Amino acid sequence: MAYSYDNQNIFARILRGEIPNNTVLETEHSLAFHDIAPQAPVHVLVIPKGPYVTYDHFAAEASAEEIVDFTQTVGLVCAQMEVTPGAGDAGYRMIANSGSNGVQDVPHLHIHILGGRMLGRMLSRNG
């Protein structure tokens, strides 16, 4: 499948330094920052620095170094935000919306890490 990356999306602009962010962690291949409209006490976005639209796009085309860095960054952010089970909080939710049915708002892969309170069920069985 061919993916079309829009280099004017908000995350691309954040990565270029055109739009400020509240950085949590930055690595060689990833950037984590606080969401500007948090849905939970902890709401951090983790994005790869490469031009990937969805997780399947990232998995298919990213280098091994990018994949390892991104995965480790997610783990480091969870530990740093103290949402890992057993680290003072009772866990977190990790969400990656993809495509129109997944309600993806920004066409750049991003993982939401949410925690700090009971989040409830993700989807209803009737939806």
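Structure above, values below:
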{"quantity": "MRE, 222 nm, helices only [DSSP H, n ≥ 4, -39500 (n - 2.57), over the chain, to nearest 500]", "calculated": "-7000 deg cm²/dmol"}
{"quantity": "Calculated SAXS-style log₁₀ I(q)/I(0) at q = 0.22, 0.26, 0.31 Å⁻¹ - region 72-122, Debye, Cα scatterers", "calculated": "-0.84, -0.98, -1.13"}
{"quantity": "Relative contact order of the chain, pairs being alpha-carbon contacts under 8 Å that are 6 or more residues apart, as %", "calculated": "28 percent"}
{"quantity": "Backbone HN-Hα couplings from phi across region 93-102 [Karplus 6.51/-1.76/1.60, Hz, Gly and Pro as x]", "calculated": "10, 10, 10, 10, 7, 9, x, 5, 5, x"}
{"quantity": "Spatial separation of Cα centroids for region 52-76 and region 1-46, in angstrom", "calculated": "14 Å"}
{"quantity": "FRET efficiency, Glu28 to Leu119 (Cβ-Cβ, R0 22 Å, nearest 0.05)", "calculated": "0.10"}
{"quantity": "Region 40-91: C-alpha gyration tensor shape, a/c 1.5 cut-off, then a/b vs b/c", "calculated": "prolate"}
{"quantity": "Alpha-carbon radius of gyration plus Dmax, which is the widest Cα pair, for the chain in Å", "calculated": "14.6, 43"}
{"quantity": "Label-to-label distance, nm, for residues given as Gln72 and Gln8 (7 Å Cα→Cβ offset)", "calculated": "3.7 nm"}
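Read-outs: derived from the displayed coordinates by stated rules, not from any lab. Since the model is a prediction, treat every value here as computed from it, not as a measurement. Ideal geometry is used to build each Cβ from the backbone, glycine not excepted, and the neighbour counts take in all protein chains shown.
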